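Q: Supplied in structure tokens, the structure appears directly below.
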Amino acid sequence: MSGFLELLLNGVTLGSVYALVALGYTMVYGVLRLINFAHGDLFALGAYLAFSFLTARTLAGRLAGPAGLLAVLLLEMLFVALAGALTERVAYRPLRHSSRLAPVVSALGVSVFLENAIMLVYGPDYRVFPHGFLPQVVWSLGAGVHLALVQLLIILVSLALMVALYLFVQRTTVGAAIRAVALDHDTARLMGIDVDRIILLVFLVGPALGGAAGLMVGSYYGQISFQMGWGYGLKAFTAAIIGGIGNIPGAMVGGLLLGVLEALGAGYVSSAWQGAITFLVLILILVVRPTGLLGERVVSKL
Amino acid sequence: MNGIRKIALVGPLALALAGAAACGGTAPAGGGSAQGGIPPGPIKIGIQAPLTRDYALEGQGFQRAIQLLADQINARGGIDGHTIQIVAEDDQGTAQQAAVAAQRLVTEGVVAVVGGYNSTATEAAQPIYNQNKVLQVTPASTAVQLSQKGYKYFFRTATLDSAQGKFAADLMVKTLGFRQIALLHDNSTYALGLAQATEQAVKADGGQVVFFDAIVPGSNDFGAVLTRLKAKAPEAVYFTGYFSDAGLLLKQSQAIGLKTQWIGGDANNNPQLIQVAGPAAEGFMVTTPPQPQDLKTPEAEKFVQQYRQKYGEMPPSVWTISAADAFRVIVDAVEKTHSTDAEKLAAYLHQLKDFPGFTGPVTFAPNGDREGALHKAYIVKDGQFVLYDRQPSE
Amino acid sequence: MRRAWAAVPRGRLEGWLWLPAALLALVLPFLLNAYWIDVVDVFLLYLMAAVGLDLMVGQAGVYNFGQAAFYGLGAYAAAILSTRLGVPVLWTVPVAVAVAAGLAALATWPAIHLRGDYLLIVTVGIGEIFRIAAVNNPFGLTGGANGIPGVPQPQVMGRVLATPGQYYWLVLAGTVLVMLFWRRVVDSPLGRMWRMVREDEEAATAMGVDPGRAKLLAVAAGAGVAGLAGALFAGKLTIVAPDSFTFWESTVLFAIVILGGPGSLPGLVVGAAGMQILPEFFRDFAQYRMVVFGAAMVVMMIFRPQGIWPARPWRFRGPAAEVPGDRRLAPVAGAGDPGGRRPAAGEELLAVEGVGKAFGGVLAVDGVSFRLRRGEILGLIGPNGAGKTTLFNLITGFNRPDSGSIRLAGRPVAGLPAYRVAALGVSRTFQTIRLFPRLTVLENVLAGRHRFSEKSFWRVLLRPRRTRAAEARQVALARRYLALMGLERWEEELARNLPYGAQRRLEIARALAAEPALLVLDEPAAGLNEQESAELMEELRQIREAGITLILIEHDMSVVMNVSDRVICLDQGRLIAEGTPAAVQADPRVIEAYLGAPEAELSGGESA
């Protein structure tokens, strides 16, 4: 039982990270019907930028404590958001009106570019993420279950970001504009919405969330690698699909579910087969619910 | 960029190596004229390694180590007046790219190749080098079958999975007296191969393999697999993957209160592991060829120091050092035979005895495998890898 | 520059393209060194796998991101057979093809009904499951992460193919074979079936296509081609290991198809060159190579979003057959009749009994019963939201009724899938036009004739004289339907480029081409101007003269009253009136339904 709870807790932590990254996939998909294969690499970029800020000599010492960490988080999210917007301008906007698959390949190109650019700048080896800027607190919850401060922070910050995003999309006028663009570009345009600006906004918000997840992964596990974007990206995209792509609460549910599923699969079956189990469950879910758990039953216009 | 500083740094070693060459009995002739069997122009030596994608870390390590050594040799005038030119080709760690890279190196006219990294890439390239009479020395491919095909020009400075597997099994079962052994790998060619070899050896020694599974490398969260491992209560866990995962394994293992003897394969002999794991690394053991710092030879110490100075970090893995040795035996063969003919180079390497490699004495078996018991057991004490006082007997 | 390019009749250009390409292929090994020949060998292997992938992506619209797995299946099959049982590699090819095709179809089968991107992630999953399985060495079959070494190099006529130059001829032969296969299938009715599914699954279903089976066939065919490439891969590299078949390789293959131009053979060649030969030029950049390559991918895509060498529309080649008969709509009803015989007019064709259907608690159709005799034209009217289209969907099998029965010529059809109903001779149009937009006008009508087209994979492949003659006959008949609807001058135009009225007529022509026993038209006059409406009425009368039974939904009362023999009226899912046009028009309940409805809707809207 304690093993189970421990696994569950690990799964929820990992799942919050997946959920944050999945939001970027799902938002972009919502407005453009595009699988942004470069999103995972933007997440990795976030981790590396945070690494740079935390190790930069001029900043060292001033960033101790939660306030400093929050500053790094915001700064890094800002940069990743700008990088996301840049990819939209350069690689996707020129393909807005071509076939659906052209931007997918363009996104693959951006992904290859970003991943290898990170490798060139930071080197091909693992980077040890600076630690010590957070107190190493571990609470014992009884029955052999432990919760680390960093885990709690990841879960709470992810939750806060997700709730903020949800309220932003559901309650504000800009959010309404995003939803309108997701439904139909032409109609949204007729309603006086600047579709290009909304899409740009989505490409700021989604990558920013992914960038936040990058910092979390770095500080939780203590090391980052230039390829982390590909693996986490694929997982997060899977999470978005499980939840129903294009659906914001769906990405959150899908992320958490996938995280828990992976932890339990590795814990009770085999970690060598972990990825295979994950995808098998994904296929089973889709066979039963063809548009994901919370997906709408709409015919995708291909 | 910093070529001048680089040359200034390598001065002492260049002298030492020049001295060694002089001992061989021939004085290098001045000028660029052809000497002996070496055709005019630079001597091209190839590197076939993953410079991008999954194993880029290792491939770039090869490239850096070898470039460093080549620059030193060229700074002292090359071999018999010929400079060494390094040609590095990216094989991305896959068979299909390895074949293309090998073919390209052959057309570039390399006389010998260091590479590849993973056994599959090495294997796909083997027939191409063999057909074209190019010497191949792999520093890292440990799969047993590579030397079973009768390729005359194939050598390796890497040790075989079977040798290290046997050593690890002897250490755990015979020396330490454990019976319940867990094996953990990361599904990479190398780690799985070593884990499988160890499994056989453990059984042969009368031990029992109670757990055999993989982690997903780079996935960072091993709580799940460790929880399952804990349920099996192994006396020792032999992890054959990389230090980058091992640090976290140790840390998370301690966090969930798993009490067992952790032992790592030779890809774990890296100080970064101790940095990541912190106190959890204490008592961790590795099976590895003796490290440069333990060989206490001036060349080896100097090499690591120079590497660190030039690139700002430690060599990423034991394979980097092994690649340096592969390059050095090739250079030694060319120097001693005054030839770039693969036939002569291979013949020279076959009769080579106890070449002073960074990773220990280098001697090749008739099939090109590296001979001799290489491995030692190390243990982490006070945040340092130190030689363990009880080594398995031969 | 661009204009000059466009001025060349590309069809003619491509028709002759094979000649210089063949010449180049023949002299190539004498011009290149071993390294470049090896690059070309690998390029051809990828090209083969991409040609297979195009059958899925470019033809059937199955976005497969797991093609490397199917490629790998072939490679593993060849490696296992040759190393374990000593079968020469070339003899393993048929097994490799069968294993790849069979397992691909089996793995995709449970998910084949998923739409676009959901199916895409499933193929990613299949690819990953394959790779992970290969790494874990199930039953000691795959050799784990180290793979299977020591695959013997193939021998041809006693000679071992050891050098890239020797192997070149083998992969070239494989590539030519695969391209011929591609061409044969893509040009056939099977290829058309795939394109129909790609363009519009619902419309394809209405023509009698089972989209799931069609897509599975495409997956099997494309995977089989990849399996062939995989077997040749094994023989060339002599080692088969999981690292060669990763998600990355799948994305490379996908990029080849999209970059080159889906559905275009020259496009695939150019795409494969872009993904496999271009990076070789970046080799000197060493570790910078992939950065340059990533940027190059983006640039190429932006420069030619439709692909470097996009596909051109299908075109009928060869002589059209002579079909006896005149240009009028022949009395064809009955040719495809569910009874299989020429029935007498006046006999009962359709019997709808107490049919009901609810969507989320709202009764869209509520206990509707009516009958239809052969040769009759029945008008179906009712205010918006009365359930008319739902009733159509129930009759044509697009929705399953909750209650009641539907009989077609005495045979129960309620609950049958739509493609089965269509195959029984029920043909329909849609309220919003659903043509196959990127197929030509002629091909749209041929799509309507799917019921009568060749469906046997083997006959398509071998294409005996009889099959060829049948194809020519289908084209001739399709042209007759085009002429009937006055569309013959648009024959080679893409359907999406037609003006609105012509699109409506094309949809009817397509439905007629199925030689239906029962034709179901959903608002055929919607959006037409007065003159077009008048023409439509004339055409509807011709349809009736031909003996085709017809139901139509129409808001244009002049059309309904003019052509219908009988009219039924629905309101809120219930049948409220039935009789002659004049009688129904005068029925107070009908008038109330039409007049009352907007008010009711308005008040409903306010209270909600």
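Q: Where does each of C:387-395, C:431-439 land if you order them by average Cβ count within 10 Å, highest first? Don't skip to the answer; put the middle values down first.
A: Values: C:387-395: 23.8, C:431-439: 18.3.
Sorting C:387-395, C:431-439 by mean packing, highest first, produces C:387-395, C:431-439.
Q: Here is a follow-up. Which is farthest toward the positive dipole end of region A:20-226 among A:LEU54, A:LEU75, A:MET119, measuring Cα position about the Cα centre, with Cβ charges +1 (Lys, Arg) and -1 (Asp, Glu)?
A: It is A:LEU75, whose Cα lies furthest towards the positive end.
Q: Convex hull volume of the Cα atoms in region C:442-556, per residue, in Å³? All intermediate terms of the calculation are to be shown ahead of the outcome.
A: Working: hull volume 13.0 nm³, N = 115.
It comes to 113 Å³ per residue, whole-number rounded.
Q: Then there's this: Report the rotationally averaged projected area of region B:355-394 based on its alpha-carbon convex hull, in square nanometres.
A: Dividing the Cα hull surface by four gives the mean projection, 3.9 nm².
Q: Right, here's the next one. Let me understand the protein assembly as shown better: what is its radius of gyration from the alpha carbons, and its Dmax, in angstrom?
A: 34.9, 121
Q: Which value in nm describes the separation of the simple spin-label points at A:VAL121 and B:PHE212, placed 7 Å from the Cα toward the beta carbon?
A: The answer from the label model is 4.4 nm.
Q: Which of the peptides A:227-238, C:405-416, B:133-144 is most tightly packed, and how do the rest follow, going by the mean number of other Cβ atoms within 10 Å of each residue?
A: Details: A:227-238: 25.1, C:405-416: 16.7, B:133-144: 26.8.
The peptides rank, most packed first, as B:133-144, A:227-238, C:405-416.
Q: Using a probe radius of 1.4 Å on protein heavy atoms only, what is the accessible area buried between chains A and B, both sides summed, to the nearest 100 Å²?
A: Chains A and B together bury approximately 2400 Å².
Q: Let me ask another. Report the Cα-based extents of chain C along its three principal axes, largest first, to the nearest Å.
A: In descending order, the Cα extents are 87, 50, 48 Å.
Q: Another question, then. With a cut-off of 13 Å, note down the residues of region C:463-487 whose backbone N falls inside the zone around a label point 7 Å from the Cα of C:GLU535 toward its beta carbon.
A: C:483-487
Q: Something else now. Over the whole of C:133-145, what's the average partner chain Cβ count within 10 Å per residue? Rounded to a whole number, please.
A: Details: counts 2, 0, 9, 8, 3, 1, 0, 0, 0, 0, 3, 7, 16.
Counting Cβ atoms of other protein chains within 10 Å of each residue's Cβ and averaging gives 4.
Q: Please report the projected area of region A:20-226's Cα convex hull averaged over all directions, in nm².
A: 13.3 nm²
Q: Remind me, what semi-axes does region C:1-159 give for its equivalent ellipsoid, largest first in whole Å, using sqrt of 5 times each Cα gyration tensor eigenvalue?
A: Sorted largest first and rounded, they come to 33, 26, 13 Å.
Q: Which whole-number value in Å³ per residue fits the convex hull of the alpha carbons of region C:395-465?
A: Convex hull of Cα atoms, per residue: 139 Å³.
Q: At a probe radius of 1.4 Å, figure out the B/C buried accessible area, summed over both chains, and give it in Å² to the nearest 100.
A: Details: alone 15800 and 27130 Å², together 40050 Å².
The contact between C and B buries close to 2900 Å².
Q: Another question, then. Mind checking which lysines have their Cα closer than 28 Å to the Cα of C:LYS357? Skip sequence neighbours fewer than 8 apart in that chain.
A: A:LYS301, C:LYS388
Q: Roughly how many whole Å is it from the C-alpha centroid of region C:39-94 to that of region C:578-595?
A: Going from one Cα centre to the other spans 65 Å.
Q: With just the Cα atoms defining each centre, how far is region C:240-276 from region C:119-177? Give it in Å.
A: If you average the Cα positions of each part, the centres end up 16 Å apart.
Q: State the Cα centre-to-centre distance between region A:106-159 and region B:96-133 in whole Å.
A: Each part's Cα centre sits 38 Å from the other's.
Q: Please compute the per residue accessible area over the protein assembly as shown with all protein chains in place, 1.4 Å probe, rounded to a whole number of Å². Can you show the working numbers first?
A: Details: 48510 Å² over 1304 residues.
Each residue of the protein assembly as shown exposes 37 Å² on average to a 1.4 Å probe.
Q: Using only C-alpha atoms and all pairs of different ones, pull out the Kirkwood radius for region B:317-394 in Å with one decimal.
A: 14.4 Å
Q: Moving on. Quick check: the angle from helix B:318-337's long axis to the longest principal axis of chain B, C-alpha only, nearest 10 degrees?
A: 30 degrees
Q: Okay, next question. With the dipole of chain C worked out from charges on the C-beta (+1 for Lys and Arg, -1 for Asp and Glu) around the Cα centre, which of C:ASN33, C:TYR594, C:GLY143 lies farthest toward the positive end?
A: C:ASN33
Q: Debye calculation, C-alpha points only, no solvent: report log10 I(q)/I(0) for region C:17-93 at q = 0.12, 0.14 Å⁻¹, in the same order as the q values.
A: The calculated log intensity ratios at q = 0.12, 0.14 Å⁻¹ are -0.53, -0.70.
Q: On to the next question. Which percent of the accessible area of region B:44-139 is formed by carbon and sulfur heavy atoms (probe 1.4 angstrom)?
A: Values: 630 of 1700 Å².
The value for region B:44-139 is 37 percent carbon and sulfur by accessible area.
Q: Could I ask something else about it? Can you divide the C-alpha Rg of chain B by 2.2 N^0.38 Å and report the result to two decimal places?
A: Ratio of Rg to 2.2 N^0.38 Å for chain B: 0.99.
Q: Calculate the mean, over all residues of peptide A:116-123, of how many other protein chain Cβ atoms lie within 10 angstrom of the residue's Cβ. Please report the intermediate quantities before stating the final value.
A: Working: counts 12, 5, 1, 10, 5, 0, 0, 7.
So the per-residue partner count for this stretch is 5.
Q: Which value in deg cm²/dmol, rounded to the nearest 500, describes the helix-derived mean residue ellipticity at 222 nm for chain A, given -39,500 (n - 2.57) per DSSP H run of n ≥ 4 and division by the residue count? Don't jump to the answer; show the numbers that get you there.
A: On the way: 11 runs with 212 residues, N = 302.
It comes out at -24000 deg cm²/dmol, rounded to the nearest 500.
Q: I've got another one for you. Which of the peptides A:116-124, A:211-219 is most tightly packed, and how do the rest follow, going by the mean number of other Cβ atoms within 10 Å of each residue?
A: Ranking the peptides A:116-124, A:211-219 by packing returns A:211-219, A:116-124.
Q: Set the Förster radius R0 to 35 Å, insert the Cβ-Cβ distance between B:GLU371 and A:LEU134 as r into 1/(1 + (r/R0)^6), and round the FRET efficiency to 0.05.
A: So the FRET efficiency works out to roughly 0.10.
Q: Between the helical axis of B:223-232 and the dominant principal axis of chain B, each derived from Cα atoms, what acute angle in degrees is found, rounded to the nearest 10?
A: With rounding to tens, the tilt is 60 degrees.
Q: How much mean residue ellipticity at 222 nm does chain C get from its helices, if each DSSP H run of length 4 or more adds -39500 (n - 2.57) and you divide by all residues, to the nearest 500 deg cm²/dmol?
A: Calculated mean residue ellipticity at 222 nm is -17000 deg cm²/dmol.
Q: Okay, moving on. Within chain C, which complete DSSP H helices have Cα atoms spanning at least 18 Å along the helix axis and a mean Kyte-Doolittle hydropathy of -0.5 or higher?
A: Qualifying helices: C:18-31, C:34-54, C:67-84, C:89-108, C:116-135, C:164-186, C:211-237, C:247-260, C:289-303, C:465-484, C:500-513, C:588-607.
Q: A follow-up question, please. Give, rounded to the nearest 20 debye, the magnitude of the charge dipole that region A:1-143 has about its Cα centre when Lys and Arg contribute +1 at Cβ and Asp and Glu contribute -1 at Cβ.
A: So the dipole magnitude of region A:1-143 works out to roughly 440 debye.
Q: Continuing with this model, one more query. More than 24 Å apart: what percent of Cα pairs in region B:91-220 qualify?
A: Roughly 39 percent, once rounded to a whole number.
The values are calculated or read from the model by the stated rules, or taken from the named source; none is laboratory data. Note that the structure is a prediction, hence the values are computed from the model and not measured. Counting neighbours? That spans all protein chains shown, and the Cβs are built from the backbone with ideal geometry, glycine included. To get the accessible areas, we keep the full protein, side chains included, count just its heavy atoms, and leave off ligands, DNA and RNA. Shrake-Rupley method; radii C 1.70, N 1.55, O 1.52, S 1.80 Å.
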